[in-house]
C-alpha cells in the first residue's frame, strides 16, 4: 500500500486532474449463438450446404464509452444479463470488442471468477506463485508480496497443504487475497463482496475503504449491491441492456438503478395482472394469489412516484371488489424489504378503514415518510369482515399479494441507509449522572 | 516467461502425481519400454538392416516420433483443457500450447539420454556430424509445434480433430521409416524404391533420418541429402516446414482472440 495521505484521495471533484488509466472507446460486442445443437465438423458442413449461418447474433454491448482516471474507485451496476460481466471481460482483455477499442495504462489484475487457474493438486504456496505468474508477475515480485497475501488470507498454517484439502471458503479467501494484494495498478473485481465469513468481510471492507484513499490504485468494481457502490466508489456507471444508462455521481447512478429495478418490477406485475385478466375473461375462474371468488379484485397501487424523499407523502390507491355486505374493513401493512419485518400495520379493524360501500371501488390514502431512513417498502392490503360477537379481531377474506401489492423506495441525501428510523425524528439524548440516579431511585422505589 | 515456467512445472508435477516412484517414472518408463522393444524387434522379429547399431537406430526413431505425436496430441487439447484459465485471465494463449510442447521436450531429453546409454553399450562411434543435431532437433520442434498450434485452433471449433489426428498419426507413422529400415525398402527396387524416396520428403521422416544419420549411423541411414540429387528436392522438406509454420502461426493468431468466447 502506498503511504499517501488521506487528503490526496481522488474524489468526484478532482478525478479529472488524474491521468486516464482505462479508456473504453465506443465498444460494441456481440456473440454468435449457435442455432443448431451440435458444433462438430458435420454440422458445419450441413450448415454450409444448406447455406445457413448456423448462428444468430446476440448484441451484448452497444457503443459503451467511459474513462476511468487513476486513483478512482469506479463502480459498475446493472441487472443480470445486462452486459456487466462481458464489459469486465473486455476490460480485462479476455474478450475482444467487435467495434471500438479499450486502452489500459498499467498492470491490470482481474478477479472475475473465483480461483483463477487454481490447481487442486498443488499446494497453496505453489498456487499463489502460479496464479501470480498468470497475472503477469515475476517470481521475485510474487516473493515480495507473498507474506502479505498469506497474512491477509489468514492461511499461514495451510500454505503447504494441497489446495484440494482446503475448504471452499479457504480457497476463495486465498484467491481473493492474491487478487487484492497483488501489486497491480488497476484491480477489476466482480461480485466478490459476499466472500468469506463476517470477519473476513469486515477486513475486506476496511481494505476497500483504505484503498479508496490511495491515489495510485484504481479499482473497478462490478456489483448488484448498491450499498457497496455507495460506501466505496468515487463514481459509478449503470449499464442497462448493454448501454450506459447513467454515469457519474454515485448517488444519481444508484437512484437510476433503483428506479429501473422498480420499473421492471412494475412491468412484470402489470404483465402478470394482464395475463390473469385475460384468463379470467376466457372463463377460467383464476384468482391471483391471495384473492378468491368472494373478493376477485383487491389491489394496492402507487399514485406518487416510486422513489420519494422523506419530506414527501406516499399517495396510493386501493381498488377492491366485494359484494357480500356493506360492513367490512381494509387492513394495510407496511413491509420493510431491506430490513425485513412489518414496520407498521393499521390493525385488523381500524375504524378509519371501515368500508361501507360494496361493489367495485377505489379508495385513496396517503402516508407520511418523514420517520424513515432510506429503504424499500411494500404495502400489503387485506380485506376483512367482522366476526359477529367478537370485537377483538376480524375475518380475513382476501389479501393483496405479489403484483397486487405495491413497492416504493425512500431516497434522501439527509438519510442514512442502515437503521429504519432517521435521526431527525428520533434521538438518543445524553443525561447527567444525577438524572440517571434519580431514575434508578425511582425504579428501586417502584420495585419495593 | 514466468507463466510458461509455471505451467510447465505444474504439468510436469501433475504427470506423476500420486505415484509412488514419482519423477523416477520419467526415466524408468523409457528404459523399460526400450528393453521390451529391443527384445521384440531386434531379437525376435529380426526386422533389421543387419548392422549392429540398428537397435539403437530403432529406439532413436521411436522416441523422436513419440515426441512429435505427444506434442501434437497434448498440444491439440491444451487450449480447450486450459479453457477455464483463458476465460478468466488475459495472457498470450500460445503459451499454453508451448508449455505442452516443452513438457514433451523434457521427456524427449530423458529418452535421448537413455538411448545414449544404449548407444554406448552398442559401441556406437560418434562423428563430427553430431554437431548437426541441434539444427535437426530445432526443425523437429518447429514442425511439431506448428502442427500443434494449427490443430489446437481447429480443436476449439471442431472436436473431431482429435479423432482425425489419431487416425492420421497412425498413417504417417507407417508411412515413415521408423519401424522398418528405409534401406530395406529401397533395396526392394522398382516402385518401392520410388515410394521410399517419397517418404523422405515428409519433413518428420527427413528429420528423424537426419538425426539417426548424424548421431549414430552415418553409413547406413539414407537421408534426403544422399538420396536426392537436385537441390529443389533436397529443399522440399524444409520448404514444407516453413509453409506449415507460417500457416499455423497465421491461423492461430487470427483466431486466438476469440478462443475465450468460443469455448
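So if each residue of separation counts as 0.36 nm, and I subtract the Cα-Cα distance between residue A:446 and residue A:230, what length gain in nm does that give? Please report the intermediate quantities before stating the final value.
Numbers: separation 216, 0.36 × 216 = 77.76 nm, distance 4.85 nm.
This chain segment gains 72.9 nm when fully extended.
Could you please rank A:33, B:195, placing first whichever residue has the fewest other Cβ atoms within 10 Å of its Cβ? Intermediate values should be presented prior to the final figure.
Numbers: A:33 9, B:195 13.
The fewest-first ordering by Cβ neighbours comes to A:33, B:195.
Counting only DSSP beta bridges with both residues in the stretch A:6-258, what percent are antiparallel, rounded to the nearest 5? Let's see the in-between values first.
Working: 23 of 42 bridges.
Around 55 percent of the beta bridges assigned by DSSP in the stretch A:6-258 are antiparallel ones.
Apply the a/c threshold of 1.5 to the C-alpha gyration tensor of the stretch A:271-389 and tell me whether it is rounded, prolate or oblate. All intermediate terms of the calculation are to be shown ahead of the outcome.
Details: a/c = 2.05, a/b = 1.35, b/c = 1.52.
Here the stretch A:271-389 falls in the oblate category.
Relative contact order of the stretch A:287-410, taken over Cα pairs closer than 8 Å and 6 or more residues apart, is 35 percent. Taking other C-beta atoms within 10 angstrom as a stand-in for reagent exposure, B:183, A:325 fall in the order A:325, B:183, fewest first. Distance between the pseudo-spin-label points of residue A:436 and residue A:55 (7 Å out from Cα toward the beta carbon): 7.2 nm.
Given the DSSP H assignment, sum -39500 (n - 2.57) over each helix run of at least 4 residues in the protein assembly as shown and divide by its residue total; what's the result at 222 nm in deg cm²/dmol, nearest 500?
Working: 22 runs with 319 residues, N = 711.
Mean residue ellipticity at 222 nm (helix-derived): -14500 deg cm²/dmol.
FRET efficiency for residue A:362 and residue A:249, Cβ-Cβ distance as r, R0 = 35 Å, nearest 0.05? It would help to have the intermediate numbers written out before the result.
Values: r = 39 Å, r/R0 = 1.10.
After rounding, the FRET efficiency stands at 0.35.
In this simple spin-label approximation, residue A:268 and residue B:193 carry label points 7 Å from Cα along the Cα→Cβ vector, and these lie 8.3 nm apart.
How high is the FRET efficiency between residue B:25 and residue A:209 when r is their beta carbon distance and R₀ equals 51 Å, given to the nearest 0.05? Walk me through the intermediate numbers first.
Details: r = 52 Å, r/R0 = 1.02.
About 0.45, to the nearest 0.05.
Peptide B:78-88 is shielded by partner chain Cβ atoms: per residue, an average of 3 of them sit within 10 Å of its Cβ. Relative to the current alpha-carbon distance between residue A:277 and residue A:42, full extension at 0.36 nm per residue lengthens the span by 79.7 nm.
Please compute the contact order of chain A in relative form: average sequence separation of alpha-carbon pairs under 8 Å and at least six residues apart, divided by the residue count, as a percent. Relative contact order for chain A comes out at 14 percent.
Let me know the shape class of the stretch A:6-258, please: from the alpha-carbon gyration tensor, a ≥ b ≥ c as square roots of the eigenvalues, rounded when a/c is under 1.5, otherwise prolate if a/b is greater than b/c, or oblate. It comes out oblate by the Cα gyration axes.
As a footprinting exposure proxy, order A:141, A:16, A:447 by other Cβ within 10 Å, with the fewest listed first. It would help to have the intermediate numbers written out before the result.
On the way: A:141 17, A:16 10, A:447 6.
Fewest to most other Cβ atoms nearby, the residues stand as A:447, A:16, A:141.
Modelled this way, with points 7 Å down the Cα-to-C-beta line, the labels at residue B:117 and residue A:185 are 5.2 nm from one another.
As a calculated quantity, the FRET efficiency between residue B:240 and residue A:25 at R0 = 45 Å, using C-beta atoms, amounts to about 0.55.
Could you pull out which residues in the stretch A:84-113 have an amide N less than 19 Å from a spot 7 Å beyond the Cα of residue A:140, following the Cα-Cβ vector? Counting only backbone N, you get A:107. Between residue A:216 and residue A:304, the contour length at 0.36 nm per residue exceeds the Cα-Cα span by 27.2 nm. Is the shape of the protein assembly as shown rounded, prolate or oblate, going by the alpha carbon gyration tensor and its root eigenvalues a ≥ b ≥ c, with a/c under 1.5 for rounded and a/b larger than b/c for prolate? Prolate, because a/c is 1.5 or more and a/b exceeds b/c. Most simply put, chain A has about 75% antiparallel DSSP beta bridges, counting only bridges with both residues inside it.
Of all DSSP-defined beta bridges confined to the stretch A:287-410, some 95% are antiparallel rather than parallel.
Read the figures in this text as sums done on the coordinates, not as results from a lab. As the structure is a computational prediction, the values presented were derived from the model and not from experiment. Backbone-built Cβ (ideal geometry, glycine too); neighbour counts: all protein chains shown.
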